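A short worksheet on the structure shown next.
The values are calculated or read from the model by the stated rules, or taken from the named source; none is laboratory data. As the structure is a prediction and not an experimental result, all values here were calculated from the model. Here the Cβ positions follow ideal geometry from the backbone for every residue, glycine too, while neighbour counts run over all protein chains shown.
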Amino acid sequence: MKALLLAGGLGTRLRPLTDDLPKPMVPIMGRPLLERIILNLKKSGVDEVVISTYYKSQYIEDYFKPKEDLGVKIHYITEESPLGTGGAIKNAEKFFDDTFLILNSDIVSDIDYADLIKYHKRRRAQVTIASIEVRDTSQYGVIEFDEKGFITAFKEKPKLGESNSKYINAGVYVFEPEVLKEIPENTVVSVERETYPKLLEKGYRMAIYKFNGYWIDIGTIDKYKKVHEDILKGKSKFVSTTSSRGIILGDNVKIHPTAKVIGPAYIGNNTEIDAYATVGPYTVIGNNCRIGQESKVSQSVLWDNVKVRRFARLENAVVTSECIVEVNMEVKNTVFTANRLASTTLTT
Ligand code: GDD
Ligand code: MG
């Protein structure tokens, strides 16, 4: 089975986390989201993926090209200017001659892809859209459907009162390749705003696959933080981990005997925690980090190669790769990136 990963968006709402890397590459528990998505797809029988890129496309290729041991064949297709979600799907047409999956690349979910595909086939649908029920639908695509589970309308980001349905597009689709002929070539097209309404108008069989497991799109920094908290709380199986008293340790972690790690927490590979430092709770430290003597890090997400110097304090913060948090510095309710504090305020 093949899957197309839509990964070309600008990730504007996730700035400054996306200043240097594309949104699908932000780390989730020490590993890029896109890599975790691919590994989860592999468990469901996907053995070939096409990554459709635009913004910072080279970053994605540079990361995955040396990783031939993932066990999934990866193809890349890059746009010179953004084609939109529908245009990106059309652009990748040559890769698909059988039923295939399409995924937005900013979703952390426990969706069972194998079951979704089985459902799609059983309904003999031409497109199946995975859906969850939410209270506030305004930021999503809204799906209306009949009693047999076939979609009757698709409304992208509807205005208040425009739809009574609470079922939203979860950003995971199954397509039969024949529907691709309905998308014009080399044109900017939104699959949500243009293709889906068109397919419905033309009478294609579009099914809704409802699921109620864990699902979140990491479109904003608050949600990015929440995902980590949820995973640490065990609300999602997206990252499979084994923990001892809520503390998940990578390889070769060095914790000084006087340091304190309070779970739930995740400490990445080769990270060192110095004397009398306190880490946790609800804290994720990336790979190759150094948490200095008597420093305190709580409710925070640190990326790779971060140095926290002596007596520094981090609380409810996100710190991106390579940053140095200086001696005595306090980083609270904000993002620290490229060695400067961002104006972003995180909700507590
Ligand atoms: N290749 C390519 N080219 N990819 C793109 C482009 C493009 O021009 N534009 C967006 N993408 C990718 C993004 O990288 C992301 O993975 C996916 O398409 C969806 O784009 P977002 O920008 O994240 O859209 P959204 O969050 O506003 O809405 C979408 O997701 C919701 C669920 O989170 C829609 O699909 C909604 O209907 C849906 O409910
Ligand atoms: Mg999104």
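Points worth noting:
- Answer residue from the stretch 156-173, given it is within 13 Å of ligand 1 (Cβ to nearest atom) and hydrophobic (A, V, I, L, M, F, W, C) and is surrounded by the most Cβ atoms within 10 Å (Cβ to Cβ) among those: Ala170
- Extreme residue, farthest from ligand 2 (Cβ to nearest atom), among residues of the stretch 156-181 that are out of contact with any Phe, Trp or Tyr (no Cβ under 8 Å at 6 or more places or on another chain) and without any contact (Cβ under 8 Å) to a residue 24 or more places away in the chain: Lys181
- Cβ separations smaller than 6 Å between residues 6+ apart or across chains give the following pairs from the stretch 208-220 residues that are over 13 Å from Val134 (Cβ atoms) to residues that are within 16 Å of ligand 2 (Cβ to nearest atom) and basic (Lys, Arg): Gly219/Arg13; Thr220/Arg13.
- Within the stretch 99-139, being among the hydroxyl-bearing types (Ser, Thr, Tyr) and either in contact (Cβ under 8 Å) with a residue 40 or more places away in the chain or touching a helix residue (DSSP H, G or I) at 6+ places or on another chain (Cβ under 6 Å) (or both) holds for Thr99, Ser105, Ser109, Tyr113, Tyr119, Thr128, Ser131.
- Matching residues, the stretch 80-101, being within 10 Å of ligand 1 (Cβ to nearest atom) and assigned to a helix (DSSP H, G or I): Gly84, Thr85, Gly86, Gly87, Ala88, Ile89, Asn91
- Any hit, the stretch 16-36, residues being assigned to a strand (DSSP E or B), within 10 Å of ligand 1 (Cβ to nearest atom) and modelled with pLDDT of 95 or more: no
- Among the residues of the stretch 102-155, those identified as of a type in the set (S, T, N, Q), outside any strand (DSSP E or B) and either surrounded by 20 or more Cβ atoms within 10 Å (Cβ to Cβ) or in contact with an Asp or Glu (Cβ under 6 Å, 6 or more places away or on another chain) (or both) are Ser105, Gln126, Thr137.
- Residue among Gly203, Gly219, Gly213 that alone is outside any helix (DSSP H, G or I) and either within 16 Å of ligand 2 (Cβ to nearest atom) or charged (D, E, K, R) (or both): Gly219
- Taking the conditions (1) outside any strand (DSSP E or B); (2) of a type in the set (Ser, Thr, Tyr); (3) out of contact with any Asp or Glu (no Cβ under 8 Å at 6 or more places or on another chain) in turn, Ser236 satisfies each one other than (3).
- Exactly one residue out of Tyr196, Tyr209, Tyr173 is within 14 Å of Lys90 (Cα to Cα) and aromatic (Phe, Trp, Tyr), and it is Tyr196.
- Restricted to the stretch 1-15, and to residues there that are aliphatic (A, V, I, L, M) and within 13 Å of the chain's Cα centre (by Cα), the residue that is farthest from ligand 1 (Cβ to nearest atom) is Leu14.
- Pick from the stretch 37-63, criterion farther than 19 Å from Phe100 by Cβ and part of a helix (DSSP H, G or I), ranking: nearest to the chain's Cα centre (by Cα): Ile60
- Against the criterion of being more than 16 Å from ligand 2 (Cβ to nearest atom), in a strand (DSSP E or B) and either within 26 Å of Tyr224 (Cα to Cα) or touching a Ser or Thr at 6+ places or on another chain (Cβ under 8 Å) (or both), Ile77 qualifies.
- Count of the stretch 244-269 residues which are part of a loop (DSSP other than H, G, I, E, B), touching a strand residue (DSSP E or B) at 6+ places or on another chain (Cβ under 8 Å) and surrounded by fewer than 17 Cβ atoms within 10 Å (Cβ to Cβ): 2
- Only listed residue being within 26 Å of Asn40 (Cβ to Cβ) and in contact (Cβ under 8 Å) with a residue 12 or more places away in the chain, chosen from Ser244, Ser295, Ser240, Ser321: Ser321
- When the stretch 174-198 is filtered for residues that are β-branched (Val, Ile, Thr) and either more than 9 Å from ligand 1 (Cβ to nearest atom) or in a helix (DSSP H, G or I) (or both), the ones remaining, listed by number, are Val174, Val179, Ile183, Thr187, Val189, Val191, Thr195.
- A count restricted to the stretch 18-40 and to residues that are within 14 Å of ligand 2 (Cβ to nearest atom) and in contact (Cβ under 8 Å) with a residue 40 or more places away in the chain stands at 6.
- Selected residue (only one of Ala130, Ala153 is assigned by the TED database to the domain that holds Leu21 and away from ligand 2 (no atom under 16 Å from the Cβ)): Ala153
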